[in-house]
């Protein structure tokens, strides 16, 4: 990631702004993920606990994420990225604080829903894209994707270690404080360089215009499938790792896997610059599916490490390249709305993936992995239907 900044002249003037946006979104992602390995057991200590309500506390975040992505994207086109970013991060921080003080399961569900409603990932991608010119966009998107993906994966490594020191509710407070400090930096030091569009008649047609574009629809389906598989892996993998490495040993898999995956993703950027975007996406789906094969040896640390590393290489590359492709496809006036739709599809993938995997897991672990591999192959075939990417909207 450091080399990405150093090797682009553009970042001589914008690297701080881009990095701070990346950090804000990474902290937001980490705050959502860091409690995942033990939130179900934490819920048991709250008043009114039931298994169903505990599941709702875990899944409601993805649902509200999906619901609010498009409104935030549309409003960012109208009122500007900075204003909507600050509003969204405030909602997340407030949700984290409410989770910290929650004593009953109902309040925790409300807190998780509020955290998810601060759906600013799309706004962040739009803001980042507007800071850079087209030839440098893939580098900026790579950096943002690397930060977010690293935050999600590292949360699984850091969370168990942090849990040894502080309680779950203090982890919520810790994340709220970090996010608030980053929000203050954005408020006082970052400028929104995007022109605001307050023509509502134009905005009312934006979603329709985007959804009739074949390539844009394909990119959204790809994002849905990628996140479907990702959340499914993060549902099942901690179950395996808890038996192999223990809660505090999960970092032995996640840390090396994410480092190697980021390095691998960085090496693919040069191919996207040469116009091989679709080929990179197709290969990433195949690599992702290949990694899942290793999970059939669930009691082997080596197999879990290799499988997770291969899987993360495919997942992170997909997440990064497809986000850049969406921003290359659309004109600036559509970018906020486009990223809102795009991220809605991602989080719908999270929500549906968690539910489907939970259901399949109760039937057969083997069947679960086979279906996830099939989903990866479907992603490969869908990309084959697309045409070479160019700005078309």
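Data table
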| item | result |
| --- | --- |
| Residue in the stretch 320-334 that is under 25 Å from residue 157 (Cα atoms), at pLDDT below 95, surrounded by fewer than 24 Cβ atoms within 10 Å (Cβ to Cβ) and over 20 Å from the mean Cα position of the chain (by Cα) present | no |
| Given (1) at pLDDT 80 or above; (2) over 22 Å from residue 353 (Cβ atoms); (3) within 20 Å of the chain's Cα centre (by Cα); (4) surrounded by 15 or more Cβ atoms within 10 Å (Cβ to Cβ), number of the condition residue 263 does not satisfy | (4) |
| Condition broken by residue 174, with the remaining ones in (1) more than 30 Å from residue 332 (Cβ to Cβ); (2) crowded, with 24+ Cβ neighbours inside 10 Å; (3) modelled with pLDDT of 80 or more satisfied | (2) |
| Considering residues of the stretch 277-303 that are more than 23 Å from the chain's Cα centre (by Cα) and in a helix (DSSP H, G or I) only, the residue nearest to residue 384 (Cα to Cα) | 293 |
| Residue list for the stretch 40-53, filter: out of contact with any helix residue (DSSP H, G or I) (no Cβ under 6 Å at 6 or more places or on another chain), within 27 Å of residue 179 (Cα to Cα) and in a helix (DSSP H, G or I) | 41 |
| Residue ranges of helices (runs of 4 or more DSSP H) in the stretch 72-170 with at least 1 members in contact (Cβ under 8 Å) with a residue 60 or more places away in the chain and out of contact with any helix residue (DSSP H, G or I) (no Cβ under 7 Å at 6 or more places or on another chain) | 81-101, 137-163 |
| Condition met for residue 20 (surrounded by fewer than 21 Cβ atoms within 10 Å (Cβ to Cβ) and not in a helix (DSSP H, G or I)) | no |
| Extreme residue, surrounded by the most Cβ atoms within 10 Å (Cβ to Cβ), among residues of the stretch 127-148 that are modelled with pLDDT of 80 or more and over 13 Å from the mean Cα position of the chain (by Cα) | 127 |
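This table checks each residue for (1) surrounded by fewer than 19 Cβ atoms within 10 Å (Cβ to Cβ); (2) at pLDDT below 85; (3) touching a helix residue (DSSP H, G or I) at 6+ places or on another chain (Cβ under 7 Å).
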residue: 286; (1), (2), (3): yes, no, yes
residue: 295; (1), (2), (3): no, no, yes
residue: 302; (1), (2), (3): yes, no, no
residue: 308; (1), (2), (3): no, no, yes
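The values are calculated or read from the model by the stated rules, or taken from the named source; none is laboratory data. Computed from a prediction, not measured in an experiment: that's the story for all the values here. All Cβ positions, even for glycine, are placed from backbone atoms using ideal geometry, and neighbour counts span all protein chains on display.
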